[in-house]
1. Keeping to the range 64-77, report how many residues are crowded, with 20+ Cβ neighbours inside 10 Å and of a type in the set (Gly, Ala, Ser).
2. Determine whether Gln119 is within 12 Å of Gly49 (Cα to Cα) and among the polar types (S, T, N, Q).
3. Name the residue, out of Arg136, Arg100, Arg158, that is in contact with a Gly (Cβ under 9 Å, 6 or more places away or on another chain) and either at pLDDT below 95 or more than 16 Å from Ala236 (Cβ to Cβ) (or both).
4. Pairs please, first residue from the range 10-23 and within 8 Å of the ligand (Cβ to nearest atom), second anywhere and assigned to a helix (DSSP H, G or I) and among the aromatic types (Phe, Trp, Tyr), Cβ atoms under 9 Å, 6+ apart in sequence or on different chains.
5. Only one of (1) polar (S, T, N, Q); (2) within 15 Å of the ligand (Cβ to nearest atom); (3) within 22 Å of Arg216 (Cβ to Cβ) is not met by Asn147, so which one is it?
6. Please identify the pairs in which a residue from the range 227-255 that is free of Cβ contacts under 8 Å to residues at least 24 places away in the same chain has its Cβ atom under 7 Å from the Cβ atom of a residue that is β-branched (Val, Ile, Thr) and in a helix (DSSP H, G or I), counting only partners at least 6 apart or on another chain.
7. Of the residues that sit in the range 216-263 and are buried (at least 17 other Cβ atoms within 10 Å of the Cβ) and hydroxyl-bearing (Ser, Thr, Tyr), which one is nearest to Glu142 (Cα to Cα)?
8. If a residue must be in contact with a strand residue (DSSP E or B) (Cβ under 9 Å, 6 or more places away or on another chain), more than 26 Å from Val67 (Cβ to Cβ) and either touching a residue at least 60 places away in the same chain (Cβ under 8 Å) or of a type outside the set (A, V, I, L, M, F, W, C) (or both), how many such residues does the range 207-226 contain?
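The values are calculated or read from the model by the stated rules, or taken from the named source; none is laboratory data. Not measured: the values here are computed from a predicted model. Don't worry about glycine lacking a Cβ; one is built from the backbone with ideal geometry, like all the others, and counts go over all protein chains shown.
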Amino acid sequence: MIPVEPQSWHHGLVARWWSLFRDSGPEIAYFRQFVEAGQPALDVACGAGRLLVPYVEAGLDVDGCDVSPDMLAFCAQAAEAVGASPNLHCQAMHELDLPRRYRTIVVCGGLGLGSTREQDRLALRRLYEHLEPGGRLVLDNEVPYANATHWGLWPSGRRDGLPESPRPPGARRLGPDGDEYALATRLLSLDPLRQQEAWEMHAHRWHEGSLVAEERHRLTSNLYFCAELVMMLERAGFSEVEVRGEYNDAPPTADDSFLVYVATRT
Ligand SMILES: C[S@@+](CC[C@H](N)C(=O)[O-])C[C@H]1O[C@@H](n2cnc3c(N)ncnc32)[C@H](O)[C@@H]1O
């Protein structure tokens, strides 16, 4: 098994890919209802602004925070393009220290990336501290058993094939700049005891048909089961923690790949 230090891949070409091609998804409308109901709001791990930019474009009072300066630069650019200039902060969530307090904090696809479990625990506490009394944290998290292939690697003896072999780049996508982009992802390691996966992403960029850039980035991801995350939120100080299904407000089911945790600071 390759030990991979906690790190995130949202830099360089990967950040550009997010800004160019990740602009839709059910999360945008789902998280928006919470932001509309409680402002000011903070989008933690806002990335290139997939959620934040449509929110500020609609006049909602939302600040952003992310650990990646590259993602934040794309976010600022996209916000500017819709005539908005939200407060954007470059901070890791476990060190969050902002001047404002919020009615709502959203974290979409951000918990457990490139961090240690201790940092995740600290992050939940920092999020709690940044809420006004009565404020809500809305956080999504993919369940560890979401991917049948990777879940099949948890028992002893099943991980001999790791790290997965490098793959050729996936389908090329044409950017608005006329260049083509493609990614190839592979699983490097899975540690069921530490509940952590490590991934590699190989990003490519072609200009007029010639490969002009290639980057390899790594990402560690901490995996959390529902009961564990509820307990962590309670330990962070939240008195009321509700779990909902995959962006549908229904009670969670065993078939949901993502769960949404709505935690209230009383
Ligand atoms: C999967 S992307 C999601 C971006 C955005 N929330 C969205 O849904 O489009 C994850 C983001 O989390 C950020 N991130 C990872 N670890 C973080 C940390 N410890 N603190 C703050 N942001 C972090 C990454 O830089 C990246 O922008």
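1. Residues flagged as crowded, with 20+ Cβ neighbours inside 10 Å and of a type in the set (Gly, Ala, Ser) within the range 64-77 amount to 2.
2. Values: within 12 Å of Gly49 (Cα to Cα): no; among the polar types (S, T, N, Q): yes.
Spelling it out, it is not the case that Gln119 is within 12 Å of Gly49 (Cα to Cα) and among the polar types (S, T, N, Q).
3. Numbers: Arg136 fails: either at pLDDT below 95 or more than 16 Å from Ala236 (Cβ to Cβ) (or both); Arg100 fails: in contact with a Gly (Cβ under 9 Å, 6 or more places away or on another chain).
Answer to the selection: Arg158.
4. From the range 10-23, the pairs are His10/Trp18; Ala15/Phe74; Trp18/Phe74.
5. In the conditions (1) polar (S, T, N, Q); (2) within 15 Å of the ligand (Cβ to nearest atom); (3) within 22 Å of Arg216 (Cβ to Cβ), Asn147 misses (2) alone.
6. Val241/Val230; Val243/Val230
7. By that ranking, first place goes to Tyr224.
8. Narrowing the range 207-226 to residues in contact with a strand residue (DSSP E or B) (Cβ under 9 Å, 6 or more places away or on another chain): 207, 209, 211-224, 226.
Those left that are additionally more than 26 Å from Val67 (Cβ to Cβ): 207, 209, 211-212.
Now restrict to residues that are either touching a residue at least 60 places away in the same chain (Cβ under 8 Å) or of a type outside the set (A, V, I, L, M, F, W, C) (or both): 207, 209.
Residues meeting the conditions: 2.
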